[in-house]
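Presented below is the structure to which this report refers.
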Amino acid sequence: MQKHSSPWPILLIYLVCALATLALWRQAQVNIPTGDEPHYMVMANGLARHGALEQTIPYQDAKQPGQPERFGLPPTDDHSIAGPHGRFNLHNLGLPLLLALPFTLGGILGAKLFMILCGAGVVLCAWKISGLFSAEAGARRLAVLASCVAAPLVPAASQVYPDILGGLLALTGLYWFLTTQQRRGAAAELALAVAVVYLPWLQIKFGPACALLVLGVAAKIHRESGDRRRVARLLAVAAVSCVALAAYNQYAFGKMSGPYQDNAVEVSRTSLMVLMGLHFDQNQGFLLQNPINLLGLLGVGWLYRANRPFLLLWAAVFATLIGPNSLHPAWYGGWSFTGRFGWPAAVVFTVPTLYALLELSRRRHALFLALAWLSVALQAYFFFCYAVDKVDMFNHAWETPLASYSMYYGRLHAWLPALYNGDWAFGYRPNYAWLAMTVLLLAAGFARGARWRWIGAAALGACAIVAAGMAPGQRASAIVLTAASLPGQTGHVDGAARTALPGAELPGMLNFGPYLPLPSGTYRVTLRYRSAAPANELVSLFDVYDTAAGRSLLVRGLNGTEDAVQEVTLPFALAPWQGGERLEFRNNWAGKRPFTLYEIRITPG
């Protein structure tokens with residue numbers, strides 16, 4: 001390795017970006033802890049302050065006056081479940097064990113700073129791996145900058161979830177596999193072994209990746225040196241970790257697999273959509289969060305030819321990290337940051353991306369510089385979007401209009417894949433064009449006679465994307481909201497409808513929400529409802545409410561239908577300066593006559 005090959009310049013850039021993002025979000029009070037994040041911190045506080053794995057006291061402590069703000073915990077929220085020996089948290093124990101000290105010292109900020117340091121570990125590990133692919137320090141720095149100091153790592157770095165850390169530990173295991181021939185002391189190898197076997201403690205679904213890495217490293221050590229003591233130490237550490245985790249789960253939940261239920265996995269069309277989306281959806285997919293990863297598709301094949309055993313292990317680990325996350329019915333991670341379920345796999349995918357960039361640097365240095373710096377410039381724009389402009393980072397609802405869906409790509413959205421609504425995703429042509437592009441680039445990397453084949457694959461894929469994006473009529477334009485899917489302050493769910501009955505329920509909002517971010521334009525909203533009141537009697541006041549401006553864009557009274565199901569269609573418009581605001585479609589029931597709302601449809605034009 002050459003002199004002056006320190007990773008500190010890249011680490012400094014990463015830390016500046018991640019810390020600036022966190023500071024700007026905290027100043028604006030956006031992207032504060034939510035979802036599962038507060039519960040990881042409740043567990044960490046229980047361990048540090050009470051020495052408690054059982055969750056009764058930690059949650060009581062967290063709900064004391066003034067305490068919920070310390071955790072970002074909603075007052076009635078509780079993720080503990082009853083087990084044979086009390087109530088235990090349904091979240092895995094690994095991350096709270098690591099957060100106990102940072103949270104005790106610094107609260108939410110301490111926890112988030114610790115997570116940012118875990119992201120720095122990803123950058124450092126990527127730097128170490130790049131040194132195995134190239135000795136040229138300048139190319140390595142640029143390759144790591146383009147592939148790591150980027151989305152999803154920078155915006156994800158401060159999130160209190162185990163996903164980035166899981167990716168880091170898997171990446172560490174892969175680095176160990178590549179360097180088993182290096183001389184290390186027993187303590188260093190013990191640290192590497194502990195890092196790898198800690199994966200299932202973070203999330204039990206990381207267990208297969210852990211098993212692959214342990215067996216792969218053990219087999220390689222045995223093949224290279226025949227050192228049975230090293231192999232035995234590794235397998236012993238793995239066995240102790242496995243037994244300890246199984247014992248905790250058995251004690252806490254009455255089963256060694258932990259708190260997971262039978263419905264924790266779903267194989268369906270939706271799970272297939274999510275699997276593709278974690279790869280190349282314009283918001284969720286790591287290939288489009290950092291498009292330099294498209295070059296990594298070529299790198300898979302190139303790395304296969306250079307180091308087949310490693311590539312096969314890498315591919316198996318990658319598959320076990322992304323596959324189970326596509327089967328979890330909390331699609332795309334539920335109420336958390338966009339792309340979270342793809343973060344572990346995205347971290348691991350930096351390996352073929354680094355290899356491809358450094359191989360391109362060796363073959364065509366000018367092209368390498370152009371692509372890498374173009375990627376850096378694109379990530380600078382993305383940084384402005386999420387850190388400065390504060391684009392909504394959370395998963396978008398399936399009802400979100402396509403024109404309002406894209407986080408980063410604006411008007412280019414029509415040429416990009418959208419895999420968030422199973423009702424129309426499989427009929428949306430750009431999804432197939434990008435699937436073809438992905439497969440073509442992956443296949444081109446395995447083909448020999450490299451250059452013209454991968455250039456041809458990229459060109460063919462680009463033509464398919466342009467054609468698909470220009471094709472008319474790609475999806476149904478109406479947004480259909482079933483009444484039962486909307487929240488309300490009165491009434492009750494009645495099948496797919498919401499019904500309010502006088503005498504039994506108080507007047508008020510039968511429904512509100514769902515906070516749709518519609519683009520500017522003209523729309524028609526259609527309500528299908530029924531009421532026994534006569535046609536000249538008001539039963540509900542309907543409005544379209546702009547939550548940002550705090551005013552109604554449309555107000556209309558709904559009269560009785562003499563117990564017949566009836567539809568009413570009303571026009572409204574959003575001016576250019578109003579586009580993107582979150583709208584509610586509300587019914588304020590008068591409380592005097594029965595009223596049943598079946599659905600609300602919003603149609604452009």
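Give the residue that is most open to solvent (accessible area, probe 1.4 Å), with candidates limited to residues of segment 27-54 that are assigned to a helix (DSSP H, G or I) and among the charged types (D, E, K, R). First the steps, then the outcome.
Initial filter on segment 27-54 (assigned to a helix (DSSP H, G or I)): 27-28, 37-50.
After this cut, where a residue has to be among the charged types (D, E, K, R) as well, the list is 37, 49.
On the way: 37: 2, 49: 142 Å².
Within segment 27-54, the match that is most open to solvent (accessible area, probe 1.4 Å) is 49.
Please go through segment 504-540 and give me each residue that is surrounded by 15 or more Cβ atoms within 10 Å (Cβ to Cβ) and of a type in the set (Val, Ile, Thr), ordered by number.
525, 526, 539
Search segment 357-378 for residues that are of a type in the set (Ser, Thr, Tyr) and pair each with any residue that is in a helix (DSSP H, G or I) when their beta-carbon atoms are under 7 Å apart and the residues are at least 6 apart or on different chains.
From residues that are of a type in the set (Ser, Thr, Tyr), the pairs are 361/139; 361/368; 375/146.
Only one of 250, 203 is on the phi < 0 side of the Ramachandran plot, open to solvent by 60 Å² or more (accessible area, probe 1.4 Å) and polar (S, T, N, Q); which?
On the way: 203 fails: open to solvent by 60 Å² or more (accessible area, probe 1.4 Å).
Selected residue: 250, the only one of 250, 203 that is on the phi < 0 side of the Ramachandran plot, open to solvent by 60 Å² or more (accessible area, probe 1.4 Å) and polar (S, T, N, Q).
Would a scan of segment 293-307 turn up a residue that is open to solvent by less than 10 Å² (accessible area, probe 1.4 Å), over 13 Å from the mean Cα position of the chain (by Cα), closer than 30 Å to residue 19 by Cα and of a type outside the set (Phe, Trp, Tyr)?
Taking every residue of segment 293-307 in turn, at least one turns out to be open to solvent by less than 10 Å² (accessible area, probe 1.4 Å), over 13 Å from the mean Cα position of the chain (by Cα), closer than 30 Å to residue 19 by Cα and of a type outside the set (Phe, Trp, Tyr).
Which numbered condition in (1) under 19 Å from residue 399 (Cα atoms); (2) more than 34 Å from the chain's Cα centre (by Cα); (3) basic (Lys, Arg) is the only one that residue 593 fails?
(1)
Could you tell me how many of the residues in segment 352-398 are assigned to a loop (DSSP other than H, G, I, E, B) and within 18 Å of the chain's Cα centre (by Cα)?
Our first condition is that a residue be assigned to a loop (DSSP other than H, G, I, E, B); within segment 352-398, this holds for 364, 389-393, 395-398.
Retained after the next criterion (residues that are within 18 Å of the chain's Cα centre (by Cα)): 390-393, 395-398.
The number of residues fulfilling the criteria is 8.
When the residues of segment 76-104 are narrowed to those that are within 22 Å of residue 65 (Cα to Cα) and either out of contact with any strand residue (DSSP E or B) (no Cβ under 9 Å at 6 or more places or on another chain) or part of a helix (DSSP H, G or I) (or both), which ends up most open to solvent (accessible area, probe 1.4 Å)?
Out of the qualifying residues, it is 76.
Please find, within segment 541-567, the residue that is nearest to the chain's Cα centre (by Cα) out of those that are open to solvent by 20 Å² or more (accessible area, probe 1.4 Å) and hydrophobic (A, V, I, L, M, F, W, C). If you could, list the steps in order and put the result at the bottom.
So in segment 541-567, the residues open to solvent by 20 Å² or more (accessible area, probe 1.4 Å) come out as 541, 545, 547-557, 559, 562-567.
Of the ones still in play, those that are also hydrophobic (A, V, I, L, M, F, W, C) are 541, 548-549, 553-555, 564-565.
Details: 541: 38, 548: 26, 549: 30, 553: 33, 554: 35, 555: 37, 564: 45, 565: 41 Å.
This residue is 548.
Run residue 558 past the list (1) over 17 Å from residue 601 (Cβ atoms); (2) in contact with a strand residue (DSSP E or B) (Cβ under 9 Å, 6 or more places away or on another chain) and report the number of the one that doesn't hold.
Unmet condition: (1).
Just give me the residues in segment 538-590 being modelled with pLDDT of 90 or more, among the acidic types (Asp, Glu) and within 19 Å of residue 513 (Cα to Cα), in sequence order.
Once the filter is applied, which keeps residues that are modelled with pLDDT of 90 or more, among the acidic types (Asp, Glu) and within 19 Å of residue 513 (Cα to Cα), segment 538-590 yields 543, 546, 584.
The values are calculated or read from the model by the stated rules, or taken from the named source; none is laboratory data. Treat the numbers as computed from the prediction; the structure is a model and nothing was measured. Because the Cβ atoms are built from the backbone with ideal geometry, glycine has one as well, and the counts that use them run over all protein chains shown. Ligands, DNA and RNA are excluded from the accessible area calculation, which covers all protein heavy atoms including side chains. Shrake-Rupley method; radii C 1.70, N 1.55, O 1.52, S 1.80 Å.
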